[in-house]
Amino acid sequence: MSNKMNQMQNKNNAGLRFSQKAVWRCILGLIIVIFGIFVYFLNQVDKTELVVRTGQTFEKAEVTEILQDNLEENGTRVGEQRVRVHMLTGVRKGEDLEITSSSGYLFGAVCKVGMKVIVMQSVAGETTIASVYTQDREWVIYIFAALYLLALCVIGGRQGIKGCIGLVFTFFCVIFVYLPMIYRNISPFGAAVFVCFITTLVTMYMIGGATRKTIAATLGTVAGVVIAGISAQLFSMASGITGYNVSDIETLMTLWNTNGIQVGGLLFSGLLISCLGAVMDVAMSVATSLHEIKEKSSDISAKEIFKSGINIGRDMIGTMSNTLILAYVGGSLGLVMVIYAYSYQMHQILNMYSMAIEIMRGISGTMGIILTVPITSLIMSFLLTRKNKE
């Protein structure tokens, strides 16, 4: 009799678990549909035409002959090359064109026979004006991106695949959520916080599932990036550095004049997105460690969990702070080299807008990482002990 009752109870429990999973999948599917509709309508924007490009296209071609080279006897290149290319795409596909290629570092390419290039052409009737824009390197980008994703999935296994999906989703949100929101005159800071929240939520759910550590890591990450942004705002108010002191402000001001985009907030919103990965790493590592500690010692108190989180996070703070600051330094090595070569004075260096912005990014991003540890530890200690109290 008891065996039958146990079997019936097991069946009831299995049915309950199945119904809960079914309900959760329906809710998850509904959220995905609503998010997809939101993204679709968000991207229905009429962009202002800033540059008239009627008739101008960028097409693929192959260099078939070097008609006139620009190589000097001393090995330098002066002026431009004159080459013949076979068009592979566009309205001139299949035709051979004689065009020029400059020797600039940012425009043109040192052409060789057989090289694949991108041709910038303007077609008006039978008249075609064209020049080599740059070397065609799409296949290189695709191959290395595929190798990266393959290594991530093979070595990382199931978690690597989930991380890959989270990475793709993050890039999707930046391009199709963050940028349209900015273009619609939404606050850059608010848009960055929103994107950080949804990307963190999805990434953490993919890695950790619907668990308490996922909740704690998500909340800790959002708090960390917001603190980084507030720290940058305070630095800005105290030092006089604003989002209008960036190097490409002249181009950005065109967007402000034509569409009213809040270009001044892009500097601070970009800071939130740039430090998101490091903060997310720290938050999930602390949450996972504390979850394992609780699993091994079920009678541990909230205070002890919090102290363990602080101790665990101290080593992470040191390494991740170096990682973030070195990333900013590596991105501005050109500026550092110029400062070293021209022997700038210390007062001059510290008061340069570009240097002050990099210092602000490093300090504010590191501040977000540091405070993520106690915040995540506090949330995790509450969630882990709350179940026992209930």
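A compact table of results
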{"item": "Highest-fluctuation residue, S122, S236, S285 considered, GNM on the chain with Cα pairs under 10 Å", "result": "S122"}
{"item": "Inter-label distance, nm, simple model (7 Å from Cα along the C-beta direction), L28/Y244", "result": "4.8"}
{"item": "Whole-Hz ³J(HN,Hα) from phi, Karplus 6.51 cos²θ - 1.76 cosθ + 1.60, for segment 123-139, glycine and proline x", "result": "10, 9, x, 8, 8, 10, 10, 9, 7, 6, 7, 5, 6, 7, 10, 4, 5"}
{"item": "Distant alpha-carbon pairs in segment 264-384 (separation over 27 angstrom), percent", "result": "34"}
{"item": "Integer Hz, Karplus 6.51/-1.76/1.60 couplings in order for segment 372-380, x for Gly and Pro", "result": "5, 4, x, 5, 5, 5, 5, 5, 5"}
{"item": "Spacing of the two label points (7 Å from each Cα toward its C-beta) at Y105 and R137, in nm", "result": "1.4"}
{"item": "Degrees, to the nearest 10: 188-208 long Cα axis against longest axis of the chain", "result": "60"}
{"item": "Accessible area of the chain belonging to carbon and sulfur atoms, whole % at 1.4 Å probe", "result": "64"}
{"item": "Helix 276-296 axis, angle to the chain major axis (alpha carbon atoms, nearest 10°)", "result": "20"}
{"item": "Separation of the N185 and E304 label points, Cα + 7 Å toward Cβ, nm", "result": "5.8"}
{"item": "Antiparallel DSSP beta bridges within the chain, percent to nearest 5", "result": "95"}
{"item": "Shape of the chain, Cα gyration tensor, a/c cut at 1.5", "result": "prolate"}
{"item": "Chymotrypsin sites (Phe, Trp or Tyr not before Pro) lying in DSSP loop within segment 199-262, provided at most 14 other Cβ fall within 10 Å", "result": "Y244"}
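The values are calculated or read from the model by the stated rules, or taken from the named source; none is laboratory data. Here the structure is a predicted model, which is why all the values come from computation and not from measurement. Every residue, glycine among them, receives a Cβ derived from its backbone with ideal geometry; neighbour counts consider all protein chains shown. Heavy atoms of the whole protein, side chains included, go into the accessibility calculation; ligands, DNA and RNA do not. Shrake-Rupley method; radii C 1.70, N 1.55, O 1.52, S 1.80 Å.
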